[in-house]
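The values are calculated or read from the model by the stated rules, or taken from the named source; none is laboratory data. Predicted model, so just to flag it, every value in this text is computed and none were measured. Positions of Cβ are backbone-derived with ideal geometry, glycine not excepted, and every protein chain shown enters the neighbour counts. The area values use the complete protein model at the heavy-atom level, side chains included, leaving out ligands, DNA and RNA. Shrake-Rupley method; radii C 1.70, N 1.55, O 1.52, S 1.80 Å.
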Amino acid sequence: MTARQPDAPRGAAIHGTSARRLDLDEYFARQRAGRAELPDPEPVLRNLTHCVIEVLAGARDLEQLARWVTDDVYRNLSKRVVLAARARRVKGLVPQRPAFTVGRVHLAEPADGIVEAVVMVHQRARSRAVAIRLEGLDQRWRASVISVL
């Protein structure tokens, strides 16, 4: 039987098993990346905007974006995809690739490794804005917020 430290949680041995587990959890968790470690965010913003518009139109599968967005963004987009598909079904429309161009990208960097941007999307009948927050995680950009206005 191994001795426990007085402050250690029940089942934690003196050998530091729980401390080692904490270190491993931190080691394998997502690691923040600074701006110097990350590529130019503009191409990522343009491509992500393009893909999000196609996903909402039903022309692209949402799972293709999974590695570029956080779990919360994926869940929110998933809800919007279901609602958009339902609206198309009610109107008797079939999913088709939308005709649009990605316009100007307005971006700001409020902190190191974080980019907040608004990307303009122009369609024949209207223009839209897509707000995206990118965070540097594991030496790549990952969207933590996407809002199609």
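When the residues of region 53-67 are narrowed to those that are touching a Cys at 6+ places or on another chain (Cβ under 8 Å) and part of a helix (DSSP H, G or I), which ends up most open to solvent (accessible area, probe 1.4 Å)?
Going through the qualifying residues, I end up with Q64.
Output the number of residues of region 68-80 satisfying the condition of being over 19 Å from D138 (Cβ atoms) and either touching a Cys at 6+ places or on another chain (Cβ under 8 Å) or surrounded by 17 or more Cβ atoms within 10 Å (Cβ to Cβ) (or both). Steps first, answer last, please.
Just the residues of region 68-80 that are over 19 Å from D138 (Cβ atoms), to begin with: 75-80.
Going one step further and asking which of them are either touching a Cys at 6+ places or on another chain (Cβ under 8 Å) or surrounded by 17 or more Cβ atoms within 10 Å (Cβ to Cβ) (or both), we end up with 77.
Selection size over region 68-80: 1.
Please give the number of the condition T101 fails out of (1) open to solvent by less than 50 Å² (accessible area, probe 1.4 Å); (2) over 26 Å from E135 (Cβ atoms); (3) of a type in the set (S, T, N, Q).
So the condition that T101 fails would be (1).
Would you pick out the residues in region 104-113 that are buried (at least 17 other Cβ atoms within 10 Å of the Cβ) and closer than 17 Å to R140 by Cα?
Listed by number, the list holds a single entry, G113.
In contact with a Ser or Thr (Cβ under 9 Å, 6 or more places away or on another chain), at pLDDT 65 or above and either under 30 Å from V82 (Cβ atoms) or of a type in the set (V, I, T) (or both) - does that describe any residue in region 47-63? Working first, answer last.
Keep residues of region 47-63 that are in contact with a Ser or Thr (Cβ under 9 Å, 6 or more places away or on another chain), which gives 62.
Then drop every residue that is not at pLDDT 65 or above, which leaves 62.
Subset that is either under 30 Å from V82 (Cβ atoms) or of a type in the set (V, I, T) (or both): 62.
Looking through region 47-63, at least one residue is in contact with a Ser or Thr (Cβ under 9 Å, 6 or more places away or on another chain), at pLDDT 65 or above and either under 30 Å from V82 (Cβ atoms) or of a type in the set (V, I, T) (or both).
Do we find a residue being surrounded by 15 or more Cβ atoms within 10 Å (Cβ to Cβ) and within 16 Å of A33 (Cβ to Cβ) anywhere in region 116-130?
Checking region 116-130: not a single residue is surrounded by 15 or more Cβ atoms within 10 Å (Cβ to Cβ) and within 16 Å of A33 (Cβ to Cβ).
Scan region 74-119 residue by residue and report those that are among the hydroxyl-bearing types (S, T, Y) and not in a helix (DSSP H, G or I).
T101
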